[in-house]
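In what follows, a single structure is set out as structure tokens and then discussed.
Bear in mind these aren't lab numbers, they're just calculated from the coordinates by the rules spelled out. Because the structure is a prediction, the values reported are computed rather than measured. Here the Cβ is made from the backbone with ideal geometry for all residues, glycine too, and neighbour counts use every protein chain on show.
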Amino acid sequence: MWFLFFLSFLSRLSVKRPLFAANWKLHIAPIDASAFMRSFLAHYGRHQDRSVLFFPSALAFHAAIDAVKERSDISFGVQNIHWEDKGAFTGENSAAIARSAGARLVLVGHSERRHVFGETEEETGLKVAAAVRAGLIPLICVGETLDQREAGDTETVVLRQLRAAVAKIDASKIDDALIAYEPVWAIGTGRNATPEDASAVHAAIADELKVLVGQRSSGIPILYGGSVNRGNAGALLAAPGVDGLLVGGASLDAEGWATICNTTLTS
Ligand code: 13P
């Protein structure tokens, strides 16, 4: 049964229905997660043309997933995994543990992991490999800092991060992956990339994916993240090459997040 859901999830992704992904970061306790979900579901009816993803904290994961039953259009992921499958790694969670808790996805290479916790490009590659081994779908996050953008290095940095993230797996395995372009300067700053800027970077990522994966790369969704809100979600989603949104702050209010997930699609 679970496997059938998983297959239908993959096939939905492959037609690139827009994805609305909520990264709760270090917010929303278990005690608040079920009330959040009840409120979200009250404001978000089932849409056949899109999927919603939630990335709660590891401890709130169960409360969140348990509050959403029988909704194949809503999936859950974890915010982080360790690259080892098991062992003496106090405080960590493995991809297999995440899978057995009901996660289908995992964020890898989020800018806060890279810039706050010092995660290296090598480590993102190890984590993607661990995710693939366990059957978790990696949502690989890439993005440049403001200094790198101003130096004209955006593409160089983003594509290097992408290549490093998939360096430790057979490229044919990443046609199940998702990518998120999240410019570091746009995260939590209220300053989003313009739809044009997002499209330009998404096009570069899509070209690189074609080199890495071949024709099947066209099924890999590329999400935009960084100061998405209900005011800019429609325009960002309408930008060529933007297949979904990865949202932090604006996903923490159930009704506001439902409003974003209800965004009218223009194409
Ligand atoms: P904000 O939407 O708060 O800018 O965060 C984006 C993000 O980091 C999502 O992963």
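For the range 48-109, applying the loop criterion from DSSP together with a ceiling of 16 other beta carbons within 10 Å to the chymotrypsin sites (Phe, Trp or Tyr not before Pro) yields F89. Panel order for S39, S111, S251, S94, by other beta carbons found within 10 Å of each beta carbon, from fewest to most: S39, S94, S111, S251. Which log10 I(q)/I(0) values does the chain give at q = 0.07, 0.12, 0.13 Å⁻¹ under the Debye formula, counting every alpha carbon as one identical point scatterer? Normalising to I(0) and taking log10 leaves -0.21, -0.65, -0.78.
Given springs between every Cα pair under 10 Å in a Gaussian network model of the chain, which of G219, G234, G45 has the largest fluctuation? Judging by the Gaussian network model, the answer is G45.
Given the -39500 (n - 2.57) contribution per DSSP H run of 4+ residues, what per-residue ellipticity at 222 nm results for the chain, rounded to the nearest 500 deg cm²/dmol?
-12000 deg cm²/dmol
Going from the fewest other Cβ atoms within 10 Å to the most, the residues T189, T264, T124, T90 appear in the order T90, T264, T189, T124.
Set the bar at 20 Å for Cα to Cα. Now go through K86/K168; K16/K168; K86/K127 and name every pair that lies beyond it. Among K86/K168; K16/K168; K86/K127, the Cα-Cα distance tops 20 Å for K16/K168.
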